[in-house]
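Report on one structure; see the data block that follows.
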Ligand SMILES: NC(=O)c1ccc[n+]([C@@H]2O[C@H](COP(=O)([O-])OP(=O)(O)OC[C@H]3O[C@@H](n4cnc5c(N)ncnc54)[C@H](O)[C@@H]3O)[C@@H](O)[C@H]2O)c1
Ligand SMILES: CCCCCCC=O
């Protein structure tokens with residue numbers, strides 16, 4: 001590249017260009033160079049320890065010991081491991097062969113990728129940037145990252161710089177951070193088809209089983225959660241436990257928070273701070289809607305949030321919608337492991353899963369039935385420090401992994417290599433046209449026969465092969481082919497890559513005559529070979545004939561367990577097997593001291609009478625199993641007992657409080673009436689109604705009888721006081737009549753209009769008319785509700801005689817109006833002065849014909865008695881007809897004849913409408 005071009009590049013382009021140029025020199029390929037670089041890196045970390053710790057103290061208020069403990073010591077270990085094993089990791093890795101490749105070299109060659117981009121996050125900045133860098137260097141790559149020297153230039157900066165960097169072409173991108181940016185990284189990588197490793201985060205669940213030592217579990221959880229102020233990618237995000245454990249979990253966590261960070265974590269050097277105010281605000285908002293059981297203290301200016309525990313958190317709470325990445329620990333209750341598994345599986349695959357239980361089977365089950373980047377039983381975070389374990393996510397928590405050899409492999413290209421010789425072309429004939437059934441038979445044999453088998457089978461096969469290789473197989477058509485086969489079999493035995501023990505040697509021979517060839521056999525047995533277990537790791541090589549002797553000691557050979565437990569396994573696995581797994585191994589129980597075979601020991605475990613166990617009722621007591629039964633039945637405060645009264649089951653320590661409220665608890669009548677079978681729930685009813693000695697009030701108490709006597713004497717009182725009760729009742733009836741009258745008046749008052757208009761509907765008109773006509777004497781007068789001429793005006797009422805009155809009797813409908821005594825009469829002008837109109841409404845449909853109402857109007861004459869002020873005190877309805885003269889109505893005896901009424905729709909649906917209108921002068925209305 002010319003100098004001008006280089007100078008016109010961005011800083012990021014330059015860094016990548018420099019790294020690529022350096023990579024292309026081939027310098028980083030040599031193992032010595034890689035080891036030197038790793039050692040330099042180690043020296044750098046050691047020399048700069050103090051500055052590194054100081055930096056993190058400023059950023060995260062990390063204590064001085066925290067950084068070496070949780071970051072740099074681990075890095076030192078990773079470097080040492082890589083330096084020690086690099087030769088082995090980088091060496092060609094032989095792989096299994098088939099008959100087709102028996103005489104070829106087949107292996108995997110790890111090779112560097114090129115320029116690797118490592119993007120780290122801030123929470124453990126050294127662990128998550130230098131960690132991947134170690135893998136990159138070990139694998140022989142160049143890398144763009146800090147710290148710098150020519151091959152590993154540092155590009156510092158934020159989003160803009162990273163995005164510029166991402167435009168460049170890399171051979172691998174190793175990104176650590178959140179998933180949203182992870183997607184940006186992948187998108188950028190896709191442009192150049194660059195493989196990526198994404199070390200992301202997620203909500204790592206922590207299930208605490210009821211069968212576990214809570215004190216220890218909570219100490220480990222408190223450490224894992226609040227370390228680095230909760231800003232750890234694999235921190236337990238939330239706890240799942242049974243409802244009955246929640247209080248104890250909170251208590252234990254609280255105790256450990258205090259032990260680790262003192263009563264006042266603000267002053268504790270080991271308690272960190274939130275990285276910045278944006279994250280502080282994000283975390284505080286997550287608390288919304290959840291109940292704080294412990295902590296919650298905060299100080300925005302110091303980015304401080306105390307260790308906080310949230311209780312009874314619901315799955316839809318805000319804090320459960322995103323990775324917390326801070327010191328908030330929600331507890332969600334589940335009914336047990338089944339529900340916990342379901343809960344975990346309903347969500348994105350987490351980076352880590354934590355299971356706390358003393359039940360190994362449960363742990364294995366949870367591992368089998370869930371998925372996560374990593375899983376730890378009975379501890380937190382510790383898998384991060386085990387270099388032999390791959391560290392990485394799955395699904396939403398990331399892809400790819402690192403640490404130890406996994407980092408090396410991840411940042412290498414594992415290249416498949418097959419090296420054949422330009423010989424034995426006859427063997428290849430089976431794949432060349434023309435294709436025949438015979439060739440296909442051979443191809444089937446060569447391609448499909450693989451696999452491993454026991455030493456006896458191997459020996460037999462070896463013998464067969466030797467003999468077979470030594471024969472002259474006379475094919476009628478192809479001598480050349482038989483020679484080729486013979487050669488192939490020699491090579492096969494020499495290479496010792498065998499077919500399975502039940503190998504089908506039903507080879508289609510053309511001639512079954514076989515001639516032993518001792519010389520060839522000797523030659524074959526003298527061939528140098530590798531151990532048949534070389535792929536598994538055995539480094540033995542020697543003459544073919546020494547193989548059997550070697551196999552009798554080879555660590556990788558399969559042997560039967562000497563205890564005759566029927567298990568076959570690698571010799572190197574034998575000690576472990578005999579000590580821990582063999583069903584026939586002899587074992588002593590730690591608790592009772594008895595001797596068992598492995599199988600019996602496993603059955604004995606969990607039932608040994610001398611083992612110290614916790615009470616199953618979770619009362620917290622611990623004792624040898626032998627006395628557990630008696631404890632559970634007669635001593636445990638959490639044993640269940642039925643209440644002797646209501647028969648429901650209660651814990652022993654809640655039984656007594658229950659009995660103090662049990663509704664079935666037997667009680668004595670306070671009147672000492674001696675009635676048996678009274679309980680707490682029936683006592684009140686008994687005293688009130690059932691008790692023979694209780695004093696009761698006379699049933700006529702509502703009417704005013706004050707008599708009180710024992711229940712048994714009530715009958716006699718009723719007989720003796722009949723007259724008194726009757727007169728009391730008639731008083732009640734009179735009072736009620738007056739009340740009724742008053743109520744009726746009030747209702748009429750309220751229902752009448754106050755705008756000088758009355759619209760009165762008379763229903764059942766024909767029946768009423770018929771009724772009056774059939775009477776021999778008297779007429780029927782119907783009264784409208786009272787109404788007012790205007791607000792605070794005259795109180796009026798209209799009456800009608802369906803069959804007429806006076807001169808209209810028998811032939812007309814008569815209509816009258818009356819002035820009734822009203823509330824405001826004292827304020828009004830007298831006599832009543834306003835014009836009155838009566839109308840009988842025509843109910844014809846206005847759409848079909850114009851209605852023709854019948855209307856009569858008059859202006860009251862001041863001399864008429866009917867319109868003088870009514871006598872005060874004559875208030876009330878006029879119904880009943882008992883009116884004085886001043887209350888007589890004025891109107892029209894012949895308002896409309898019955899004949900006229902039939903001509904139009906004055907009667908409709910058996911009802912008529914009479915309208916009365918009072919023309920109150922506007923001046924009065926405005927006043
Ligand atoms: N799996 C792991 O090993 C691991 C380790 C640490 C943190 N994490 C996860 O990382 C998250 C916290 O870290 P963070 O993401 O806040 O760290 P961060 O803000 O430091 O971002 C990570 C990196 O991405 C770069 N970046 C940010 N925005 C970008 C953009 N728009 N385009 C390109 N690059 C961009 C940053 O410069 C930085 O180098 C959590 O989810 C945590 O669980 C995972
Ligand atoms: C104990 C150290 C854990 C580091 C985990 C890295 C992710 O945040």
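So if R0 is 41 Å, what FRET efficiency would residue 321 and residue 591 give, r being the distance between their Cβ atoms, rounded to the nearest 0.05? The value I calculate is 0.30.
With a ≥ b ≥ c the root eigenvalues of the C-alpha gyration tensor of segment 205-385, is it rounded (a/c under 1.5), prolate (a/b larger than b/c) or oblate? Don't skip to the end; give the middle numbers.
Values: a/c = 1.65, a/b = 1.50, b/c = 1.10.
Prolate, because a/c is 1.5 or more and a/b exceeds b/c.
Here the gap between residue 602 and residue 739, fully extended at 0.36 nm per residue and compared with their Cα-Cα distance, gives a gain of 40.2 nm.
Each label point was placed 7 Å from the Cα along the Cα-to-Cβ direction; for residue 780 and residue 871 their separation is 3.1 nm.
Taking the DSSP beta bridges with both ends in segment 1-200, the antiparallel portion is around 15 percent. Full extension of the chain between residue 915 and residue 853 yields a length gain of 21.3 nm, computed as 0.36 nm times the residue separation minus the alpha carbon distance.
In terms of surrounding Cβ atoms within a 10 Å radius of their Cβ, 604, 580, 658 rank from fewest to most as 580, 658, 604. What do you get for the angle between helix 246-261 and the principal long axis of the chain? Use alpha-carbon atoms, 0 to 90 degrees, nearest ten. Orientation of helix 246-261: about 60 degrees from the principal axis.
Rounded to the nearest 10 degrees, the angle from helix 31-47 to the longest Cα principal axis of the chain is 50 degrees.
Sketch the reach of a paramagnetic label on residue 729 as a point 7 Å from Cα along Cα-to-Cβ, and name the residues of segment 684-712 whose backbone nitrogen lies under 14 Å away. Counting backbone N atoms under 14 Å from the label point, the list is 699-705. The Cα atoms of segment 639-690 define a convex hull whose projected area, averaged across directions, is 3.6 nm². Could I have the simple spin-label model distance between residue 447 and residue 659, label points 7 Å from Cα toward Cβ, reported in nm to one decimal? If labels sit at residue 447 and residue 659, their model points lie 8.4 nm apart.
Out of the DSSP beta bridges found with both residues in the chain, what percent are antiparallel (nearest 5)? Can you show the working numbers first?
On the way: 71 of 99 bridges.
Antiparallel: roughly 70 percent of the beta bridges in the chain.
Spatial offset of segment 696-716 relative to segment 745-803 amounts to 48 Å, using the alpha carbon center of each. Once the Cβ-Cβ distance of residue 96 and residue 59 is raised to the sixth power relative to R0 = 60 Å, the FRET efficiency obtained is 0.75. For the chain, the gyration tensor built on C-alpha atoms gives a prolate shape. Its axis ratio a/c (a ≥ b ≥ c) is at least 1.5, and a/b is the larger of a/b and b/c.
Each principal axis of the Cα atoms in segment 733-798 has its own extent, and those three values, largest first, are 41, 37, 18 angstrom.
Against the chain, whose longest principal axis is taken from its Cα atoms, helix 455-470 shows a tilt of about 50°.
With a cut-off of 12 Å on the backbone N, the residues of segment 587-625 near the modelled label site 7 Å out from residue 640 along Cα-Cβ are 617. A full extension of the chain between residue 87 and residue 215 corresponds to an added length of 41.5 nm, given 0.36 nm per residue minus the alpha carbon distance. Only DSSP H runs of four or more residues enter the estimate; each adds -39500 (n - 2.57), and after division by the residues of the chain the mean residue ellipticity at 222 nm equals -10000 deg cm²/dmol. Shape class for segment 1-200, computed from the alpha carbon gyration tensor (a ≥ b ≥ c): oblate, with a/c not under 1.5 and a/b at or below b/c.
In this rough spin-label picture, where each label sits 7 Å from Cα along the Cβ direction, the residue 314-residue 693 distance is 5.5 nm. Cβ-Cβ distance of residue 367 and residue 523, R₀ of 51 Å, FRET efficiency by 1/(1 + (r/R0)^6): the value works out to about 0.45.
Compactness of segment 756-839 is given as radius of gyration and Dmax, 15.0, 46 Å, from Cα positions.
Every read-out reported here was derived from the displayed coordinates using simple, explicitly stated rules and does not represent laboratory data. In this text the structure is predicted, and so the values were computed from the model without any measurement. Neighbour counts run over all protein chains shown; Cβ positions are idealised from the backbone, glycine included.
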